[in-house]
Amino acid sequence: MGIKKASNREKLEEALELAFEFSLKVLCERAIVNLKEINCAVLGDGEEALASECEEPITGDEILSYKDKYMDNGSKGMSGLKRRMPADITNEQRECVRDMAVKAFKCLGCSGVARIDFMMDTETKQIFINEINTIPGSLSFYLWEPLGIKYDELLDRLVSLALKRERERAALHFSFETNVLSGVTLGGAKGVKGGKLGG
């Protein structure tokens, strides 16, 4: 929402006007002219993480818009979007995307499942991380099925990861005994009652 591509100054002004309807601050960045969008999900945690199959969303506009995602396919979100799966990329590009997805997932300290969206410049072949979509934004169940991970198995793995995360958190200490404040007297400020505050 609030995102547009601008090919000239007039379109840039229109894009900024739209963006400021959604936020007090906006970001302008160089557009990828020859854009191909690729999505890949990751399942796991900081110790072990697995990348899913890659998909390529099919958009009706220059970019994957709010309309593409939520209005043209009912309320299904990404699961109801038109897509190529596997994405129309080389095996080398596929492995690059999958590797980058796992690295980003671990770097951000994620656990469970997340879908990471990429942008590829089809002219230079450069691949950029665009954003990460965590639960509940994206369960990405449809990206796991080509790897043989069915929906019920995905849920089982997510429950196991949540229980593991809870055990790890339960082992942490959030307080400790100390006498660092012994002998300290805490009282009100002198002269506040009936006094004046000055600057």
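In terms of the Cα gyration tensor, with a ≥ b ≥ c the square roots of its eigenvalues, is the stretch 5-59 rounded because a/c is under 1.5, prolate because a/b exceeds b/c, or oblate? Don't jump to the answer; show the numbers that get you there.
Numbers: a/c = 3.63, a/b = 2.04, b/c = 1.78.
Prolate shape, in that a/c is at least 1.5 and a/b is the bigger ratio.
Return the FRET efficiency for the residue pair residue 48, residue 176: r is the Cβ-Cβ distance, R0 is 35 Å, and the value is rounded to the nearest 0.05. Given R0 = 35 Å and the Cβ-Cβ separation, E is 0.65. Protection proxy ranking, highest mean first, for peptides 167-177, 24-34, 133-143, 3-13: 133-143, 3-13, 24-34, 167-177, where packing is the per-residue count of other beta-carbon atoms within 10 Å, averaged. Could I have the simple spin-label model distance between residue 82 and residue 155, label points 7 Å from Cα toward Cβ, reported in nm to one decimal? Result for the modelled spin labels: 3.2 nm.
Near residue 54, the amide H atoms lying under 5 Å from its own belong to 87; only residues 5 or more places off or on other chains count, and H is placed 1.01 Å from N. Placing a label point 7 Å from the Cα of residue 121 along the Cα-to-Cβ direction, the residues of the stretch 22-48 with a backbone N closer than 18 Å are 28-38. Taking a sphere under 12 Å around the Cβ of residue 17 and counting the other residues whose Cβ falls inside, with K and R at +1 and D and E at -1, yields a net charge of -2.
Rounded to the nearest 0.05, the FRET efficiency derived from the C-beta distance between residue 129 and residue 185 at R0 = 45 Å is 0.25.
Each value in this text was obtained by applying a stated rule to the coordinates, not by laboratory testing. In this text, all values refer to a predicted model and were calculated from it rather than measured experimentally. Note that we place each Cβ from the backbone using ideal geometry, even for glycine, and neighbour counts take in every protein chain shown.
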